[in-house]
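This report refers to the structure that appears directly beneath it.
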Amino acid sequence: MSLKPPPTAGTVDETMAEKRFECDVAVIGGGIAGMVTAVRAAHAGRSVRVFEKSSDDRYLCNSRITAGVFHCALSSIRSEPQALEDKIIEVTDGTASPALARAVATDALRAVRWLQAQGIRFISGTESYHDFTLSPPTITPQGRQWEGRGGDVLLRTLEANLKRAGGSVERGMSVRHLNVGEGRCLGLSGVDAAGAAFAVVAESIVIADGGFQADPDALREAITPAPEKIFQRNARSGTGDGLRMARAAGAAISDLQGFYGHLLSIDAFHNETLWPYGWLDFVAAAGILVGRDGVRFCDEGLGGVHMANRIAALEDPLSCFVIADHTIWETRGRFNLLPPNPRLLEAGGSVFKAHTLPELAAAAGIDADGLVAQIARYNEAVTNSSTQGLDPVRSANKFAPHPIVDAQYYAFPVCAGITYTMGGIAIDDRSRVLDTKGNAIAGLYAVGATTGGLEGGARTGYVGGLIKSAVTGLRAAETIAASA
């Protein structure tokens, strides 16, 4: 897999470097996790440089195009820390690191208050957990409109604050290796946009380059047998470089399975207006999700993130349909801030409609006998409140199942849209990278989506990329400052 150490990983020959940098703290990646770390460390009196691989002034990363909602496991971060910690453990089926769960739950509100002190503005959204949403909001009717909005403004504000504190963002700098020796991480090296080698000597290295969602090889081993058939619902900049370098340096790696994502129209692959919104998550969570054989293959009641993961794991991730009836489409299809009804249809997303199930199956290319039999079993279980007896189980505590009886019927061809991966570098609650024996690697930290141990589990428990990034970044900087 792409996580195998590169052949020249480890201590590298810095004598070939054409550019040299020295600083107290070197941060790899200029997303929210890296910038929070950098600004907080600079304000603590450390000299800081951020090394960002993109040369663009407004380099694309997930933080720049984010919807901007700071929540904790779909709960308000104003909640009591113990309640948030319990929620993290619950949604991840107890697989989250207790120390990380406690750290995020404890510092979620503090991290947002720190951002506010940096000049970051928030507004309240429509959901109870939307009480801290970046302003101006990035959520738009269709397509990706991020310039001058929440994530873009956040990154530009933090960069300006970093510069005022004496730090800098070095663009077009691709970090390739970590320099490890004398029992600690001593620096890093890489190449700039022109191909010239550079080397950095620093007391502390912080890996903040995001997940591995845009690395086909890593996806093939950990997420899906067909990475080309899952849609990159992200900035397409997270290629897992930091993860590979950390492993080469002796870091432990968490379970790499699981990602945050949603159910998108299959036409998102060639129609920009069909992502990142609107999802078909709530439609599927009220109806059913089937393959071409007309048979269910996962628990729709666990929500869109779980369903997207189960689609990605299929041999053919482009073989799935959300099945609904008129009532579901007119109710759950219009639910949420930017619902698919009618936006998906107005944007040209594919849908098959019919007044009978056999006609629907014929139009969509689904096995008619399989679909009719599946819906009959499903409807009977919904009527008798016995969906726990279905195979696979259909849970009802999170999203209530609706019978599929109100013609006309709908079949939406869908794909799994991946935003960021949940697994990654193992860290402790101070964002220190851990080795395979559970000991901290001196001088090496990791923050944000490049880390693992917080999200995932059998139900693909989602905690929240922004709050994870802000808290781990803040803690890394404060640990660095305290150890100076």
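The values are calculated or read from the model by the stated rules, or taken from the named source; none is laboratory data. In this text, all values refer to a predicted model and were calculated from it rather than measured experimentally. Cβ: placed from backbone, ideal geometry, glycine included. Neighbour counts: every protein chain shown. When the accessible area is computed, the model is the full protein with side chains, heavy atoms only, and any ligands, DNA or RNA have been set aside. Shrake-Rupley method; radii C 1.70, N 1.55, O 1.52, S 1.80 Å.
Rounded to the nearest 20, the size of the Cβ-charge dipole of segment 155-289 about its Cα centre is 260 debye, with Lys and Arg at +1 and Asp and Glu at -1. Here the accessible area is traced with a 1.4 Å probe on the protein chains. For the chain, carbon and sulfur cover 50 percent of it. Of the DSSP H helices in the chain, those that are both long (alpha-carbon extent of 18 Å or more along the helix axis) and hydrophobic (Kyte-Doolittle mean at least -0.5) are 98-117, 150-164, 368-383, 465-483. Using a probe of 1.4 angstrom and keeping all protein chains present, the accessible surface of the chain works out to 37 square angstrom per residue.
Each DSSP beta bridge with both residues in the chain is either parallel or antiparallel, and the antiparallel ones are about 65%. Given their separation in residues at 0.36 nm each and the Cα-Cα distance between them, residue 217 and residue 356 gain 45.8 nm when the chain is fully extended. Shown here are the Rg and Dmax of the Cα trace of segment 28-112, at 15.5, 42 Å.
Counting only the heavy atoms of the protein chains, how much of residue 133 is accessible to a 1.4 Å probe, in Å² to the nearest 10? Using a 1.4 Å probe on the heavy atoms, I get roughly 10 Å².
With all pairs of different C-alpha atoms in the average, the Kirkwood value for the hydrodynamic radius of segment 129-216 is 16.4 Å. Taking the Cα atoms of the chain, the ratio Rg/Rh between the radius of gyration and the Kirkwood radius comes to 1.00. Among the lysines of the chain, pairs at least eight places apart or on separate chains and with Cα atoms under 29 Å apart come to 20. Note on segment 32-191: semi-axes of the ellipsoid equivalent to its C-alpha gyration tensor, largest first and rounded to whole Å, are 28, 23, 16.
Put a plus charge on the Cβ of each Lys and Arg, a minus charge on the Cβ of each Asp and Glu, and nothing anywhere else: the dipole of the chain about its Cα centre is then about 1120 debye. Percentage of Cα-Cα pair distances in segment 178-319 greater than 20 Å, rounded to whole percent? So the pairs more than 20 Å apart make up 57 percent of the total in segment 178-319. Computed over the Cα atoms of segment 283-410, the ratio of the radius of gyration to the Kirkwood radius (Rg/Rh) comes to 0.93. For segment 337-484, the C-alpha radius of gyration divided by 2.2 N^0.38 Å, with N the number of residues, is 1.59.
Counting only DSSP H runs of at least 4 residues, each contributing -39500 (n - 2.57), and dividing by the residue count of the chain, the helix-based mean residue ellipticity at 222 nm comes to -9000 deg cm²/dmol.
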